[in-house]
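The next block holds one structure in the form of structure tokens; read it before the comments.
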Amino acid sequence: MDLREQGVTSDGGAGGIADALATFARCALGGALPAQATALIDAAGQLRDRPDDAVALLERARADAPGHPAPLIALYRFHFYGHRLAQARSAGEEALAVARRALGAGFGAIPPTGDAVRHDAAVRFYLFTLKGLAYLQLRLGERQAARARLAELRWLDPDDVLGGALLAHVLARHEGDDDADDAFTSSAHPSRGWAGLPL
């Protein structure tokens, strides 16, 4: 499904992200988020100061809408912005599995077209989730796992539309460091694109 047909643009316009997620849910997963799950996610958003209660609501939303990306995105964001990176990684891994099921078993055998990378909600969701997981794994010091995620991202997005190569440049520049956080505090600016990176 071409998001441009749905009025979604890449300029970050109002409602663009929400529209993209709604399109993904309709096209890739076969339905909108149930009202009860929406209410639970909204309620959890009001409980940032009570993380245990918020997570319980988000888990209930996930149970009410199994296989739907929205509760997983909410869990991922809740943990990520709460600096619980390992929990965010777990939610991201589950979201990646949901996207892979939606895209089908053959997805990735050949790279998606550039048009799909730019406009197909399910493909973009998969690739952004892959990139997010690579980032988390770098932050958690899981460099081998991050390298594998970035290799897959490079295969699926050879033109670096989503900017994943930046993470690969950071990883390449900091290989052998003992502190994974150093990769995110350096003042040097890595190159854009996959050029110059080992295969």
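Restricting attention to the stretch 81-93, the residues that are without any contact (Cβ under 8 Å) to a residue 40 or more places away in the chain and either assigned to a helix (DSSP H, G or I) or not assigned by TED's automatic domain parsing to the domain that holds ASP42 (or both) total 4.
Would you confirm, using the coordinates I've provided, whether ALA116 is in a helix (DSSP H, G or I), in the same structural domain as ALA86 (by TED's automatic domain parsing) and farther than 22 Å from ALA195 by Cβ?
no
Total residues in the stretch 55-71 satisfying the condition of being in a helix (DSSP H, G or I) and under 21 Å from the mean Cα position of the chain (by Cα): the figure is 9.
LEU153 fulfils the conditions (1) touching a residue at least 24 places away in the same chain (Cβ under 8 Å); (2) of a type outside the set (Ser, Thr, Tyr); (3) surrounded by fewer than 22 Cβ atoms within 10 Å (Cβ to Cβ); (4) under 17 Å from ALA195 (Cβ atoms) except for a single criterion, (3).
The values are calculated or read from the model by the stated rules, or taken from the named source; none is laboratory data. Treat the numbers as computed from the prediction; the structure is a model and nothing was measured. Cβ: placed from backbone, ideal geometry, glycine included. Neighbour counts: every protein chain shown.
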